[in-house]
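A short worksheet on the structure shown next.
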Amino acid sequence: MIRNIAGSVLALAGATAAVWSPFRAWYDGRHGRDYAVGDLFTGITDAKSDVLGSILLPFAFAALVTLVGVVLRSRLLVALAGLVVLGFTVLWMVRVGQAEGSLAVGPDGAGLGDGVANALGGGVLLLLGALVMSGRSHRPHRVDLPPHGPARPAPDAGQETPAPYGEAPYGEAPRADAPYAETRTLDVPGGPPAPDPERKNPPPGG
């Protein structure tokens, strides 16, 4: 939680610096909003570009991606925004170096201006924010078992499945299992004789 908040603050600060940088001087007092995006691929010219078609366009796109990444807590989106800012800034430096012969930093606004520093710093802050953020937390998936344990599989057709003690087999009525041995009749000396099962009419007693 703390890492996501700190990373979001760094990412938003970097996006703000990147969007603000085109309104500052980039080279020899010329603002970044005066450089057209197409000049970064074809070569720097002296033609002045409008604001919407200037280098502000990719930086605004990076700021939008940053907002989405902060809301979704996506480190990948925030890092992508930082790479976009740094990539276009480095590409601009390469094109200006080709047009001017070299890059220089001089007094009184000559050479590289603070707008380039803001763009580079904003891209670095975006990457730092992506590193600091912990991303979205994934909760472990829990499987709830039935209250009486896992269900027993149904027996196959023609196969008898033994039932636990005290329970009837599947498809039969419950029965009481006798825990003791079978009852047997014993002859006690001096008592009445046991009836003979082969005699149908036993004599009367006495």
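The values are calculated or read from the model by the stated rules, or taken from the named source; none is laboratory data. Quantities reported herein were computed from a predicted structural model and do not represent experimental measurements. Note: ideal-geometry Cβ built from the backbone for every residue, glycine included; neighbour counts use all protein chains shown. Ligands, DNA and RNA are excluded from the accessible area calculation, which covers all protein heavy atoms including side chains. Shrake-Rupley method; radii C 1.70, N 1.55, O 1.52, S 1.80 Å.
Pick out, from the stretch 1-102, the helices (runs of 4 or more DSSP H) lying fully within it that include 1 or more residues that are open to solvent by less than 60 Å² (accessible area, probe 1.4 Å) and more than 30 Å from Arg136 (Cα to Cα).
The helices (runs of 4 or more DSSP H) meeting that bar are 39-42, 56-72, 75-100.
Which ones in the stretch 13-58 are touching a Ser or Thr at 6+ places or on another chain (Cβ under 7 Å) and either under 21 Å from Arg75 (Cβ atoms) or not acidic (Asp, Glu) (or both)?
The answer is Ala15, Pro22, Gly32, Arg33, Tyr35, Ala36, Val37.
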